[in-house]
Structures are given as C-alpha cells and as structure tokens.
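The values are calculated or read from the model by the stated rules, or taken from the named source; none is laboratory data. These numbers come from a predicted model, not from an experiment. In this analysis, Cβ positions are derived from the backbone assuming ideal geometry, glycine residues included, and neighbour counts consider all displayed protein chains. Please note that ligands, DNA and RNA were not included when accessible areas were found on the heavy atoms of the full protein model with its side chains. Shrake-Rupley method; radii C 1.70, N 1.55, O 1.52, S 1.80 Å.
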Amino acid sequence: MARVSALLSFSLTLLVFLHGYAAQHSQQGQQGQQGQQAQQAQFPNECQLDQLNALEPTHVLKSEGGRIEVWDHHAPQLRCSGVSFVRYVIENKGLYLPSYLNTAKLSFVASGRGLMGRVIPGCAETFQDSSVFQPRGGSQFGEGQEEQEEQGQQGQGHQGRGQHGQGQQGRGQQGQGQQEQEQRQQGQGFRDMHQKVEHIRKGDTIATLPGVAEWFYNEGQQPLVIVAVMDLASHQNQLDRNPRPFYLAGNNQEGQKWIEGREQQPQNNILSGFAPEVIAQAFKINLKTAQQLQNQQDNRGNIVRVQGQFGVIRPPLRGQRPQEEGTNGLEETVCSQRVTENLDDPSRADVYKPHLGYISTLNSFDLPILQQIRLSALRGSIRQNAMVLPQWNANANAILYVTNGEAQVQVVNDNGDRVFDGQVSQGQLIAIPQGFPVVKTAINNQFEWIEFKTNANAQINSLAGRTSVLRGLPLEVITNGFQVSLEEARKIKFNTLETTLTHSSGLSSHGGPRMVVE
C-alpha cells in the first residue's frame with residue numbers, strides 16, 4: 001500500500017513539473033515571437049529593395065584640419081547590407097585624432113598620401129628612436145632639438161668632471177644626482193617609442209579590427225581622402241546597428257547625428273567622461289594636465305592641424321622594415337600582422353587588358369586579417385566604352401564607391417525588375433545587394449571604383465562570357481528555355497570569349513564567334 005502511495009505521489013509531482021515546464025516553454029516561445037515581431041517592427045521591410053539610388057553624404061562634420069562626411073546608414077539599401085559608409089578628408093598637415101569603433105572597418109585611400117598608426121592593446125612599442133628611421137629633412141623631435149640634447153649632455157659631462165675633481169659630496173648628493181638623471185630621462189633627454197607607423201598612399205586598402213585605435217596624418221600637399229565601410233551586421237558588433245566612434249582625443253561639436261533617438265549634443269572624447277581627479281591618479285599627472293586630456297576648451301574637432309614638424313618615428317618610404325622583438329607568438333600574429341595592401345598596381349591585377357582596363361580583388365588569401373573582419377574588396381579601372389560583363393555577388397553585398405569618372409550602371413533584382421538604371425559619378429556610392437546582377441559601362445576616359453564586400457572571400461558569378469552560367473548550359477537547355485534556334489543558341493554561348501571586361505560596342509555581325517584574347 002505504501003508502495004502504491006509513493007508511486008502516486010511521484011506521478012503527481014512529475015505531472016506538475018511537466019505542466020510547469022510546458023507553460024514556461026510556451027511563455028518563452030511567445031516572448032521569442034514577440035521579440036521577433038518587435039525586431040521586424042523596428043526594421044520594417046528591411047530588404048524589399050524595389051529601387052536603388054546613387055547616394056551622397058548626408059552629414060558633414062567640419063574640423064580645423066579637414067572634415068568627416070557620413071552617409072545615412074538608415075537608407076534602405078545600406079540598412080539591408082548591414083553597413084555604414086564614411087569619407088575622411090584630411091587637409092595638409094591635418095591629423096585625424098585616434099579613435100576606435102564598435103565594429104570592423106575596411107578603408108581605401110582614394111587620393112593623397114600620409115601616415116597611419118594603430119595601437120593594439122597588449123602589444124609592445126616596436127618603433128624606437130634610432131638614426132636608421134629618421135624622417136627626411138630633420139630630427140625626430142623638431143629641428144635643433146637633438147643638437148640641444150647633445151650640447152646639454154656634453155655640458156652635464158663637463159660639470160660631472162668638475163664635481164669629481166672637487167671630491168665626492170656624500171651619498172645624499174649621489175641620490176640627488178640619480179633623481180636629476182631620472183628627471184632628464186623623462187624630460188628633454190627622453191627618446192620616444194610607440195607602436196607601428198606606416199606610410200599610406202593612393203590605392204592602399206586598410207583592415208581594422210574592432211577596438212583598435214587608429215590615427216592618420218596627411219604629410220602631402222594634396223588632401224588625403226580615405227573612404228571606409230563599417231560592417232554593422234558583423235558578429236563582432238555586440239551593440240545595435242549604429243556606427244559608434246569612440247574618440248581618445250578631440251571632440252565633435254555636432255555630435256553623432258546619425259544615431260536615432262540620441263539628443264543632439266557635442267560628442268567629447270572618452271576621457272572627458274571621467275572625473276579629472278581619477279585621470280590624474282591613473283596617469284600620475286597633475287590636475288591641470290588631466291583637464292587638458294579632456295579637451296574641455298578645445299574646439300578644433302576630430303581633425304586638427306599640426307603646428308611645426310610632425311616628429312614621429314617612421315620607416316623610410318621604401319627599404320628595410322624595423323626588426324620587431326618578441327617570440328612569444330603574440331607579436332608574430334596579432335601585433336605584427338599585415339593590414340594593408342595596395343590595389344592600384346596593375347602588375348597585381350587579376351584581370352588586365354591594356355585597351356580596356358584592369359580589375360584587382362583583395363580577399364583573405366591575399367590579406368589574412370580579412371578572415372577576422374569578414375570583409376573584402378575589389379578595385380576596378382576601365383577606359384571609355386569598356387564594359388564589365390553582367391555579374392552578381394553570390395555570397396556578399398557590395399558597396400560600390402566611385403573614385404574617378406562616370407559610368408552607366410544597371411542593376412536587376414530577383415523579380416526581374418531594373419531597380420537602378422543611371423549614371424554614377426565621383427563621390428557617389430551605390431549598394432548592390434547579394435544576388436542582384438549588375439553591369440557597368442564607362443562613359444568617359446577613365447572610370448575607377450572601389451567595392452567593399454561583406455564576405456572575406458566574395459564570389460562573383462557571370463551571366464555572359466567564357467566562365468558564365470549560360471556558357472555552362474547545354475545548347476538544348478538554351479534553345480528550349482529561350483525559344484531560340486540552335487544557331488542562335490551557339491552565338492549566345494560562344495560569341496563572348498572574355499571573362500570579365502569587353503567593349504560595350506562589341507556587337508558581333510558575323511556568324512561565328514569573335515576571337516578575343518583575355
């Protein structure tokens with residue numbers, strides 16, 4: 001009897017547990033469904049792209065040494081692609097102050113030349129003051145300062161010999177001398193060291209990981225123009241789909257206009273959010289210097305103008321690279337990994353035709369860091385009347401930015417509708433969604449563009465040409481699918497022998513295929 005009672009009690013307990021679990025599971029399902037509906041309500045019809053447009057900047061943030069131009073990432077085609085786009089215009093002797101982002105970034109130097117520095121937390125300062133890496137035309141720390149250092153050291157040496165002739169003055173003076181030596185090392189006699197600095201020039205593509213602080217300096221006479229795409233939909237972005245630059249120095253008087261719902265107010269650097277006393281304690285400095293780190297009375301913006309010589313340690317333009325110490329594996333991977341590749345060199349082109357132009361691609365096989373940020377790039381330069389055969393990105397969205405010239409572009413969606421048919425010119429961009437076929441035709445002497453793609457190894461499929469999808473179909477499929485004769489089906493398959501670039505006026509008037517070498 002007791003055994004029956006125990007079994008009944010266990011059955012009732014199990015029934016109550018299962019009922020509670022089912023109710024909780026149902027509630028979680030309802031909450032998940034409500035969350036999904038809320039997310040859909042937040043981004044209604046996010047990827048219903050019935051019409052594409054050539055986009056231009058919507059926000060311009062002016063600074064003392066240049067400006068930052070921001071595209072509206074809420075525009076349907078950018079929001080669908082999950083990216084934002086920005087253009088930095090840095091004037092001569094302009095310094096874009098260090099900042100980091102909440103997501104990965106892929107940049108392209110559209111024009112100009114300058115310097116770039118990155119600071120990766122936990123990595124050593126591998127650039128140290130040495131005559132091997134002196135900049136052209138001066139010392140590291142400004143004209144004449146190194147000479148003053150040598151004179152000061154010689155004077156201190158003579159003074160030391162004089163004191164030695166007078167005899168030792170005791171341990172107290174030795175301690176004072178040691179203290180003075182430490183002060184000299186921290187003052188005029190201090191030699192700088194910092195993390196890697198690189199020369200950048202037109203055509204360089206730069207990969208940046210989230211949280212890595214980055215700065216740029218224009219040492220040329222022409223503006224240094226850098227365009228960049230930020231992957232807001234990346235797994236590395238743990239926040240919302242808004243680009244959030246965190247400035248280590250400087251300020252932005254207009255604030256982050258692009259973040260919906262945020263009150264429009266100046267955006268200061270992150271140090272300004274701490275109490276000055278905390279900063280003074282952390283850096284072991286006085287309160288006045290701590291307040292200067294907060295840029296409280298500084299209205300120069302995020303791009304400032306450097307006064308005098310910009311004395312940073314940098315390698316020569318071409319030649320040996322600095323030897324980086326450390327063999328623990330960290331310096332060999334994270335700290336010293338290559339982040340730049342130049343795409344304006346025709347000798348590295350993937351497709352090259354002297355009378356038409358060239359196309360270069362950059363993926364994780366060329367630049368391994370792209371595997372981490374899951375972005376890649378394509379650089380194109382074509383001449384007048386050259387055409388890029390119709391193609392689509394199989395596994396990525398593409399952000400096409402025009403760096404020079406004009407082109408006629410057509411884009412078709414999955415419904416067979418022409419969602420874009422117009423000209424794009426320098427400074428404009430157009431987002432081309434995954435799978436949407438696109439054709440580009442140059443309409444002036446030179447059309448140049450850069451495409452940022454949301455995949456580390458973006459794949460392109462072609463509609464026409466030697467490696468196209470139609471070339472791979474049997475003739476019987478073409479004749480029945482398009483209701484054409486066998487002769488016309490052969491022309492469709494074999495008349496275009498190029499793979500990527502062709503003449504836009506290259507209509508065949510002969511029955512056989514054209515012999516073109518690519």
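Tabulated data
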quantity	calculated
Check on residue 374, under 26 Å from the mean Cα position of the chain (by Cα), at pLDDT 95 or above and outside the structural domain of residue 200 (by the TED database)	yes
Tally of residues being open to solvent by less than 80 Å² (accessible area, probe 1.4 Å), assigned to a loop (DSSP other than H, G, I, E, B) and hydroxyl-bearing (Ser, Thr, Tyr) across region 467-490	2
In region 90-119, the residues that are in a strand (DSSP E or B), open to solvent by less than 10 Å² (accessible area, probe 1.4 Å) and aliphatic (A, V, I, L, M)	90, 106, 109, 115, 116
Residue selected from region 313-342 under the condition assigned to a loop (DSSP other than H, G, I, E, B), modelled with pLDDT of 80 or more and not polar (S, T, N, Q), by the criterion surrounded by the most Cβ atoms within 10 Å (Cβ to Cβ)	339
Residue in region 404-423 that is nearest to residue 353 (Cα to Cα), counting only those that are in contact with a Gly (Cβ under 9 Å, 6 or more places away or on another chain) and open to solvent by 20 Å² or more (accessible area, probe 1.4 Å)	408
Count of region 424-461 residues which are of a type in the set (Phe, Trp, Tyr) and either more than 25 Å from residue 103 (Cα to Cα) or surrounded by fewer than 17 Cβ atoms within 10 Å (Cβ to Cβ) (or both)	2
Selected residue [β-branched (Val, Ile, Thr) and either under 30 Å from residue 373 (Cβ atoms) or modelled with pLDDT under 95 (or both)] from 441, 500, 479	500
Candidate set from region 63-86 (those that are in a strand (DSSP E or B), out of contact with any helix residue (DSSP H, G or I) (no Cβ under 8 Å at 6 or more places or on another chain) and open to solvent by less than 30 Å² (accessible area, probe 1.4 Å)); member that is nearest to residue 219 (Cα to Cα)	66
Residue tally, condition closer than 20 Å to residue 65 by Cβ and of a type in the set (Val, Ile, Thr), over region 96-118	1
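Rundown of residues vs (1) closer than 26 Å to residue 87 by Cα; (2) in a strand (DSSP E or B); (3) in the same structural domain as residue 362 (by the TED database), yes/no style:
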residue	(1), (2), (3)
422	yes, yes, yes
448	yes, yes, yes
458	yes, no, yes
465	no, no, yes
